[in-house]
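One structure below.
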Amino acid sequence: MKKYTAAVVGTGRIGWTLGFDKKREQPASHVMALKKNRRIKLIAGVDSNPKTLALFHNKNPLVRACASVDELYQTCSPDIVVVAVNEDAHLDVALDVLSRSPKLVILEKPVALNLKEAAKIKAAAKKYGVPILVNHERRFAYDYNTAAAYLKKIGALQSISAKLFSGMKLYDPAAEESGAYSLLHDGTHLADIVLFLLESLGDGQNKGDRLLLKNPVVTGVFRDPKNKSVVRELCAHYSTKACPEVSLFMSGRSRFFGFELDILGTEGRVCIGNGYAKFYKRFESSLYTGFYSLSRDKTISLPKKTGYFANMVQNAVDFLDGRRPLVSTLQTGMNALAVLEEIKAALIG
């Protein structure tokens, strides 16, 4: 059985330590997901922070610990390289890794701070012939894939309402260089999963590079009372061929974290979010004679685990085996980034 070697650049939260969160579905980090896949051998971890790297090496003594990508390639040449650094370091690290021509790069979301930087990563990937898998995790989860398949059973779509709630500033121009604002950090997941659902319906690409969530009408903008340049809440509205009303509501003034989608068709409904997935179908009403109502579809069952991280790593293996295309590509990641940039332009302009 052929095995692939892998290295993780960035051994922080998503790179490694979220794998110790007892409340999260595991594996919940790149290191843990790679180590659990029997087709992959993790051979190195890279981090520029000496304390982080020392802790990683202490817990993983059989895995090389390197302070830089240069040091990594002085000692080995992994098949798969994961780029799990902070957003502001994505461009430099991705370009460095791509120039070494690994068989596959797994890039954390968002792909870059902006489309201009993402285009440089795309050009380098083409130059060195390196495919990129982007970790937009919900594309790999059983619950969201079941939801995508179920959309074909609920008639014509009437609306898609996607909502994100957090306490992090939704947009702050002072955070442009770091990417530390929720529109980019969390909004990339919201935009991407809606695009994923539209893809499943064939409401697809425009000349292969842009999906149809474009030209938003932005309403409900709530700005920070103490700093009007900081946005705390907004709603972006779209209309597509498959669905006449698509809305992305994002709040950065909530005292909780939430992520949810409500998809309404003419014959059913899907409600899905963090920790739940509910499917409804049109049945003869038990409440009113001669009427139909929506009731839970009891034929739908889901596994206890969504498999979001494990399935992402398995997709990498299947792709390298030549058995399956990448589910989340650099282009789909750029499509999500394009949605966010248009929303941001509406806020600024």
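The values are calculated or read from the model by the stated rules, or taken from the named source; none is laboratory data. Values in this document were obtained by computation on a predicted structure and should not be read as measured data. Heads up, the Cβs are rebuilt from the backbone with ideal geometry, glycines too, and the neighbour counts pull from every protein chain shown. Keep in mind that these areas ignore ligands, DNA and RNA; they rest on the heavy atoms of the full protein, side chains included. Shrake-Rupley method; radii C 1.70, N 1.55, O 1.52, S 1.80 Å.
Could you check how many residues of region 207-217 are modelled with pLDDT of 95 or more and either more than 30 Å from Tyr280 (Cβ to Cβ) or open to solvent by 50 Å² or more (accessible area, probe 1.4 Å) (or both)?
Qualifying residue count, region 207-217: 1.
Would you mind stating whether Leu340 is closer than 25 Å to Glu137 by Cβ, touching a Gly at 6+ places or on another chain (Cβ under 8 Å) and buried (at least 19 other Cβ atoms within 10 Å of the Cβ)?
Considered against the rule, which asks whether it is closer than 25 Å to Glu137 by Cβ, touching a Gly at 6+ places or on another chain (Cβ under 8 Å) and buried (at least 19 other Cβ atoms within 10 Å of the Cβ), Leu340 comes out as yes.
Taking region 279-298 as the search range and keeping residues that are in a loop (DSSP other than H, G, I, E, B) and modelled with pLDDT of 95 or more, which one is surrounded by the most Cβ atoms within 10 Å (Cβ to Cβ)?
Asp297
Looking at region 233-257, which of the residues that are open to solvent by less than 50 Å² (accessible area, probe 1.4 Å) and outside any strand (DSSP E or B) is nearest to Leu347 (Cα to Cα)?
So, considering only residues that are open to solvent by less than 50 Å² (accessible area, probe 1.4 Å) and outside any strand (DSSP E or B), the one nearest to Leu347 (Cα to Cα) is Gly252.
Is it true that Val313 is crowded, with 21+ Cβ neighbours inside 10 Å and among the hydrophobic types (A, V, I, L, M, F, W, C)?
yes
Go through region 80-107 and give me each residue that's surrounded by 20 or more Cβ atoms within 10 Å (Cβ to Cβ) and in contact (Cβ under 8 Å) with a residue 40 or more places away in the chain.
Across region 80-107, the qualifying residues are Ile80, Val81, Val82, Val83, Ala84, Val85, Glu87, Val93, Val97, Leu104, Ile106, Leu107.
Right, Leu198: modelled with pLDDT under 95, buried (at least 23 other Cβ atoms within 10 Å of the Cβ), within 30 Å of Ser295 (Cα to Cα) and within 16 Å of the chain's Cα centre (by Cα) or not?
For Leu198, the condition - modelled with pLDDT under 95, buried (at least 23 other Cβ atoms within 10 Å of the Cβ), within 30 Å of Ser295 (Cα to Cα) and within 16 Å of the chain's Cα centre (by Cα) - is met.
Only one of (1) within 17 Å of the chain's Cα centre (by Cα); (2) within 22 Å of Lys127 (Cα to Cα) is not met by Val85, so which one is it?
(2)
In region 12-21, which residue that is touching a His at 6+ places or on another chain (Cβ under 9 Å) and part of a loop (DSSP other than H, G, I, E, B) is farthest from Gly45 (Cα to Cα)?
Looking at the filtered set, the residue picked out is Ile14.
Six or more apart or on different chains, Cβ atoms under 8 Å: show the pairs whose first residue is in region 329-349 and closer than 14 Å to Thr219 by Cα and whose second is open to solvent by less than 20 Å² (accessible area, probe 1.4 Å) and small (Gly, Ala, Ser).
Ile343/Gly187; Ile343/Ala236; Ala346/Ala236
Each row is one residue, and each column tells you yes or no for (1) among the aliphatic types (A, V, I, L, M); (2) part of a strand (DSSP E or B); (3) modelled with pLDDT under 95.
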{"site": "Met1", "(1), (2), (3)": "yes, no, yes"}
{"site": "Lys23", "(1), (2), (3)": "no, no, no"}
{"site": "Ala28", "(1), (2), (3)": "yes, no, no"}
{"site": "Ala33", "(1), (2), (3)": "yes, no, no"}
{"site": "Leu55", "(1), (2), (3)": "yes, no, no"}
{"site": "Val81", "(1), (2), (3)": "yes, yes, no"}
{"site": "Leu91", "(1), (2), (3)": "yes, no, no"}
{"site": "Pro102", "(1), (2), (3)": "no, no, no"}
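State which residue pairs qualify: first residue under 12 Å from Gly10 (Cα atoms) and inside region 45-74, second residue open to solvent by 80 Å² or more (accessible area, probe 1.4 Å) and assigned to a loop (DSSP other than H, G, I, E, B) in any location, beta carbons under 7 Å apart, and separation of 6 or more residues or different chains.
Cβ pairs passing all conditions: Ala67/Ser48; Ser68/Ser48.
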